[in-house]
1. May I ask you to say which residue of 135, 107 is under 22 Å from residue 196 (Cβ atoms), surrounded by 16 or more Cβ atoms within 10 Å (Cβ to Cβ) and within 29 Å of the chain's Cα centre (by Cα)?
2. For the condition farther than 17 Å from residue 244 by Cβ and out of contact with any helix residue (DSSP H, G or I) (no Cβ under 8 Å at 6 or more places or on another chain), what is the one hit in 433, 437, 417?
3. For region 224-235, state whether one or more residues are closer than 29 Å to residue 442 by Cβ and over 31 Å from the mean Cα position of the chain (by Cα).
4. Taking residue 343 as the residue in question, decide whether it is under 29 Å from the mean Cα position of the chain (by Cα) and crowded, with 24+ Cβ neighbours inside 10 Å.
5. Only strands (runs of 3 or more DSSP E) wholly contained in region 124-237 count here; list those with 3 or more residues that are within 20 Å of residue 409 (Cβ to Cβ) and in contact with a helix residue (DSSP H, G or I) (Cβ under 9 Å, 6 or more places away or on another chain).
6. For region 289-299, indicate whether the set of residues that are over 29 Å from residue 226 (Cβ atoms) and under 20 Å from the mean Cα position of the chain (by Cα) is non-empty.
7. Among the listed residues 365, 323, which satisfies the condition of being under 30 Å from the mean Cα position of the chain (by Cα), part of a loop (DSSP other than H, G, I, E, B) and surrounded by fewer than 17 Cβ atoms within 10 Å (Cβ to Cβ)?
């Protein structure tokens, strides 16, 4: 009887302790982020920005109840905003359901963009208008994130917006198209949209003097620039400007059925060489590559087959610079018919930040692009096998300090190819280059801190992958079940011993 009372008393005390601990946790709580580089905690860059606020910042999150009920992302966004408010007393966060306003559509006047969501209510499918946008106010200034649904990139967007409000100035990026037959809407809509998150994107016309208020200039198909444009770029660099060049070693134009041809030496190649970067004249192929889909007709039926395609290299994280801010947290990069770059060892400001694998090789003229002729793709491999540079950066050591980045592939930002290989990280890489070029390494650190892929498929070292797989199997298949069995055997033995002791006492 006493034993039963004692057990009831112990259970009651334990239950009371749990209830009191739960009640206290509503008032006093803390968070522990055990992830690598604490990717679920606001970065020190954001903290320093918030702690240095002189005036109040108001953040209002307009989100529809229908979204909150159906998706976890709005709740995660609320967590991020609450953490911003917890860092600084100058930051306040409000959460508003537009359906509770007298005129829900008024949030659109603030810049929040409505989205359509198909819902099933009462057995009927219908379309509902939902909102998930953030409005940030500082003094008489306002910034808007029109539609937010990715908590992973929210810190970068918020910190960038607050930083812009504090500085009360816009960042400008110039877009100079070397190939005038490819417009922004036709070929570069994705990258223009990505860059517009941070910069106001302006189109630079051929022959136009590059204004000094541009923080960076992105030049697509730089090998096709008009000759008179290159001196204008050189002058802009000398004045302290920054330029991202994307250019080809070999002209590949599949849409018109034109045979590939070497570009040769152009004035823009000379400009890159003046800054310590040399662009090669051959195609680079690599054992690390994407496949290509080819449409074939067999027995009158059109089918699509996938072929390995070394002409489309995949840049691996272990062959990028860990010290450079652009590639320190490398998200990924896919290239299409790239050439190579090398740097002049006598130019101290130039360096390679992304390279091929050591198993890459070159292809000289005549160029073979057909994936079905796999033997021809290996034609020059025996004599050219090795590792080659793919992306180089350079900075002036004297004067205003202009910066230059060279990517040996003008296709890597084209909409059609990005869609073909699902290479959205190319846009992230271009944006990271733009941040470095515009001397904004602080925001670059925020942007790239959560970009690494942490899945097992991202482990590229074969021995390390085998070790991880063996450890996982041993832990889940052997150690955990064995631990449960040993614990059960121990409890059973202990219970039998108590039974024997109790029997003897009786």
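1. Sole residue among the options that is under 22 Å from residue 196 (Cβ atoms), surrounded by 16 or more Cβ atoms within 10 Å (Cβ to Cβ) and within 29 Å of the chain's Cα centre (by Cα): 135.
2. That would be 417, the only listed residue that is farther than 17 Å from residue 244 by Cβ and out of contact with any helix residue (DSSP H, G or I) (no Cβ under 8 Å at 6 or more places or on another chain).
3. Within region 224-235, one or more residues are closer than 29 Å to residue 442 by Cβ and over 31 Å from the mean Cα position of the chain (by Cα).
4. No; evaluated as a whole, the condition is false for this residue.
5. 172-177, 216-220
6. So far as region 289-299 goes, yes, one or more of its residues are over 29 Å from residue 226 (Cβ atoms) and under 20 Å from the mean Cα position of the chain (by Cα).
7. 323
The rows are residues; the columns are (1) assigned to a loop (DSSP other than H, G, I, E, B); (2) at pLDDT 90 or above; (3) within 30 Å of residue 270 (Cα to Cα).
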position: 345; (1), (2), (3): yes, yes, yes
position: 358; (1), (2), (3): yes, yes, yes
position: 375; (1), (2), (3): no, yes, no
position: 398; (1), (2), (3): yes, no, yes
position: 404; (1), (2), (3): no, yes, yes
position: 411; (1), (2), (3): yes, yes, yes
position: 443; (1), (2), (3): no, no, no
position: 446; (1), (2), (3): no, no, no
position: 452; (1), (2), (3): yes, no, no
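The values are calculated or read from the model by the stated rules, or taken from the named source; none is laboratory data. Small disclaimer: the values here were computed from a predicted structure and weren't measured. Positions of Cβ are generated from backbone atoms using ideal geometry, with glycine treated the same way; all protein chains shown enter the neighbour counts.
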